[in-house]
1. Using 7 Å Cα-to-Cβ label points, what is the residue 61/residue 11 separation (nm, one decimal)?
2. I need the peptides 61-71, 10-20 ranked by packing, meaning the mean over residues of other C-beta atoms within 10 angstrom, with the highest value on top.
Ligand code: SF4
């Protein structure tokens, strides 16, 4: 194994490449986790989401609503005036 040094900090080229690769891998893994989390939410169609209230029930008073425009279970964007079959009133 050949070692290279930059002469200032004693960091080998191999160490620098390894650190860069690890940083890229961590960033890629983080993006993959965010994508997986987004994909775990069900579609608006599956939840029978509608952009209008159902009587007095609407996303803004649902326990799953995440202001300003998200839901814990249904894919974004969600209107606070919308509604879906998963509606559960805040307690
Ligand atoms: S009613 Fe509740 S569960 Fe359904 S989309 Fe709105 S916030 Fe999400």
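1. The modelled label-to-label distance comes out at 5.7 nm.
2. Sorting 61-71, 10-20 by mean packing, highest first, produces 61-71, 10-20.
Quick note: the coordinates plus some simple rules give every number you see, no bench work behind them. All of these numbers come straight from a predicted model, not from anything done at the bench. All Cβ positions, glycine included, derive from the backbone under ideal geometry; neighbour counts span all protein chains shown.
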